[in-house]
Ligand SMILES: Nc1ncnc2c1ncn2[C@@H]1O[C@H](COP(=O)(O)OP(=O)(O)O)[C@@H](O)[C@H]1O
Ligand SMILES: Nc1ncnc2c1ncn2[C@@H]1O[C@H](COP(=O)(O)OP(=O)(O)O)[C@@H](O)[C@H]1O
């Protein structure tokens, strides 16, 4: 029960990468919580944001629209948005939207960090 | 979504303690999965079983009846059953049943292990 | 603010009713703990209706405030053979230790976890009506 | 095997419908990925019915097998002003970048994630009927 409430963590990694993990239902509230965490990480100097959706099984179109706002803000500042650990359906959702042309999708956090931070890490 | 499917881990700790973590809906299937893990740990020599229900928010009466079977088997062999990380409602459920007279309830895994294994551990 | 659910007998369909409790309880401002207690009760009532009733289960949930004390009212109805609720006493673990069956907790949990429970049952119709106040400890 | 839901407009009530998809999809033997796709579609259809319809939303789910290919059929009905579905084209991210609103994904997702979608809408009644076959990749 209570998958409504989203569980978030936000961390500054090396090389200007900010990591957000989000587990739960990404609706307007969940999306807004991610946007707040993203704004915070950007203020702390992160030009690249990695959103790990492990534990998120459903995302609605309002949540999606908020993720797009985050992406636009990052692109405006020559930054970069990446996602990892998507369910097949969320992956398909991002494909349908054409999001994959603007954001990088990694299979899991390890692969994402190896690439984005420029060194192997865990 | 998909809180139906239960996520289980089973480990042999020190001092004859077996640890099962169960996250998800504890219905007949979830209860049976826990019972299978419990039987396995008992065969591997665990006389005390600790079931960590962190991540479990709902348990139904069939799940409960299977937990009682595990408890009875342990009591028959002079073993011991303990639970930790219960939501207030699951805690209340165990109280209503009078289960607390036969099983020990700990607030979290650390407190349980400190007591059951007889030394501080994490 | 009313929800009506017609549910067939399929595994885990009781969670549809629990989800409705979460949505309505949340909208009424009920605490997570009280919502979860009502979830257990509705799950048990649905399981009974499916197991002992047999056919379609009808669930109604409503937010009510007539007496000035806001509450969630839940009805679970089935059309099975019925039973005498007075003959289902409160159970404890002590009673079932040593017995082959450890089952029979549903009505005990429903009665203890909800604030008010009425059961009307006759052959052909069983209606479990229960309520949980929005406020109350814990 | 049919589910009928009458849902009021309260936050997260769309998850009640998603839960019904999980139960019925599971009973039909649908894979988790296909169940989740249908969940997204039913969530979007309910959100549209709540946002643009306004009043109670009626959801029906049924397992069907008439053509020999088992499928989950979902209907979401509202009684709002209606709209012309032909005027809601497929969207892409490229179109919304630079726009103030990033909204408008619901119908695109419904059409792409389900195997068959029919929308009948007139003032006073909008019915979104969609189906997902039990088998199919992925
Ligand atoms: N909806 C119902 N229709 C018919 N009989 C019921 C119903 N609900 C409960 N009962 C009867 O009451 C008994 C006790 O119910 P309960 O406490 O939920 O335990 P359990 O269902 O596990 O046996 C059941 O065994 C059954 O005989
Ligand atoms: N059930 C409905 N009733 C009335 N209008 C609708 C309904 N569903 C969709 N629409 C119309 O179609 C448009 C596109 O819907 P959708 O793709 O879901 O995006 P969004 O709802 O986010 O705008 C909506 O803006 C609305 O004008």
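Only helices enter this figure: runs of n ≥ 4 DSSP H residues, each worth -39500 (n - 2.57), summed and divided by the residues of chain B, yield -13000 deg cm²/dmol at 222 nm to the nearest 500.
The mean number of Cβ atoms from other chains found within 10 Å of a Cβ in peptide B:52-65 is 5, as a whole number. Taken over the stretch C:2-133, the convex hull of the Cα atoms encloses 115 Å³ per residue. Axis of helix B:61-76 versus longest Cα principal axis of chain B: the two differ by about 20°, to the nearest ten degrees.
Of the listed peptides D:129-137, A:93-101, what is their order by residue-averaged count of other C-beta atoms within 10 Å, with the highest listed first?
Put in order of decreasing packing, that is A:93-101, D:129-137.
Note on chain C: helix-only mean residue ellipticity at 222 nm, from DSSP H runs of 4+ residues weighted -39500 (n - 2.57) and normalised by residue number, equals -9500 deg cm²/dmol. If you sort the three axes of the alpha carbon gyration tensor as a ≥ b ≥ c, you get a/c under 1.5 for the stretch A:7-117, which makes it rounded. In this simple spin-label approximation, residue D:115 and residue D:62 carry label points 7 Å from Cα along the Cα→Cβ vector, and these lie 1.6 nm apart.
Going by a ≥ b ≥ c, the root eigenvalues of the Cα gyration tensor, does the protein assembly as shown fall in the rounded group (a/c under 1.5), the prolate group (a/b larger than b/c) or the oblate group? Walk me through the numbers on the way to the answer.
Numbers: a/c = 1.96, a/b = 1.21, b/c = 1.61.
Taking the square roots of the gyration eigenvalues as a ≥ b ≥ c, the protein assembly as shown is oblate.
Prolate is the label for the stretch A:20-73, because the ratio a/c of its alpha-carbon gyration tensor axes (a ≥ b ≥ c) is 1.5 or higher and a/b is greater than b/c.
Only the coordinates and a few stated rules stand behind these numbers; no lab work does. Not measured: the values here are computed from a predicted model. No Cβ is skipped: glycine too gets one built from the backbone with ideal geometry, and neighbour counts run over all protein chains shown.
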